[in-house]
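Structure first, then comments.
The values are calculated or read from the model by the stated rules, or taken from the named source; none is laboratory data. Not measured: the values here are computed from a predicted model. Glycine also receives a Cβ, built like all others from the backbone with ideal geometry; neighbour counts cover every protein chain displayed.
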């Protein structure tokens, strides 16, 4: 049983239909629960495991604490909401480094302050197998503004909120011993200390122009695949429109990697992916540009209910020259 099959099994047993206030359970970035006649609560949880999600050899505790919050809060941003409360559970081995733990918690608190949410509780346990971080975030927003990943429409433009592949490149560089190389500082920071696009998410939700949205945690192709399957569509990406910071190509040359693999297959960018009607794309871009954000068109939603993602050299090249790409994302239970 792989990870997706396990999640499907769990979702099938969940009696979500018994609660009239539960608007959405498993299947999006957050569960959505009605709070009042106008407002909803958003719930999401994340777990970070040593040697799976982070490596103490290069990840400073303060930045790890910040990242743990950012990746959790990013789910709320993906729905267009405001994070309010955070629960934090920490598993540490006996005899843990007290200074390390203090710095970790300082990072958690700093990120909470940045995103406007409050740490309200959690748990601490002994963890003989290594360090574990468990976080649950509660957000809120207007029900009418919630953006689901299922809302994409055929013909929609696919846009992303920033450069792609930086975090994947940063991870590769850290693994290869280039984590302190000043040339690649921005790439390594993207891996060590990502930012959740909370303010942008709220702006996009309030615009009324976005059909579907989610955050890029598992990579562009994988996450766009989720949008496709939820909307019973497929998509085509345009290679020459994929945004990246210039130094990405230098890192790719150093490590002998095709940078496009990082841009469409690498995870943890935590940018927002949105779909919007072509007629509204320019208006939306202009709307967010006033607040310092950029939305980059990278593809288009097309007919087809198999969730196929294809990559074309350019938009003008058309579908005939496109190749199918397969990125199923990281699977925690893959033995291969």
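Only helices (runs of 4 or more DSSP H) wholly contained in segment 132-224 count here; list those with 3 or more residues that are out of contact with any strand residue (DSSP E or B) (no Cβ under 7 Å at 6 or more places or on another chain), modelled with pLDDT of 95 or more and surrounded by 24 or more Cβ atoms within 10 Å (Cβ to Cβ).
166-175, 185-192
Can you find a residue that is closer than 25 Å to residue 23 by Cβ and under 16 Å from the mean Cα position of the chain (by Cα) anywhere in segment 51-62?
The answer is no; no qualifying residue exists.
What are the residues in segment 277-296 that are surrounded by fewer than 18 Cβ atoms within 10 Å (Cβ to Cβ), touching a strand residue (DSSP E or B) at 6+ places or on another chain (Cβ under 6 Å) and not in a helix (DSSP H, G or I), if any?
Residue satisfying the conditions is 296 alone.
Return yes when residue 130 is under 15 Å from the mean Cα position of the chain (by Cα) and on the phi > 0 side of the Ramachandran plot and no when it is not.
no
Going by the conditions given, is residue 120 buried (at least 21 other Cβ atoms within 10 Å of the Cβ), outside the structural domain of residue 305 (by TED's automatic domain parsing), farther than 28 Å from residue 227 by Cα and touching a residue at least 12 places away in the same chain (Cβ under 8 Å)?
No.
Does residue 299 satisfy being assigned by TED's automatic domain parsing to the domain that holds residue 222, modelled with pLDDT under 85 and surrounded by 10 or more Cβ atoms within 10 Å (Cβ to Cβ)?
no
Within segment 298-308, identify whether any single residue is in contact (Cβ under 8 Å) with a residue 24 or more places away in the chain and more than 18 Å from residue 231 (Cβ to Cβ), and answer yes or no.
Looking for residues that are in contact (Cβ under 8 Å) with a residue 24 or more places away in the chain and more than 18 Å from residue 231 (Cβ to Cβ), one finds none in segment 298-308, hence no.
Tell me the residue from 207, 279, 217, 249 that is in the same structural domain as residue 185 (by TED's automatic domain parsing), over 18 Å from the mean Cα position of the chain (by Cα) and within 22 Å of residue 29 (Cβ to Cβ), please.
Residue meeting the stated conditions: 207.
Considering segment 27-57 alone, what residues qualify as being farther than 21 Å from residue 138 by Cα and surrounded by fewer than 18 Cβ atoms within 10 Å (Cβ to Cβ)?
49, 51, 52, 55, 56, 57, listed by residue number.
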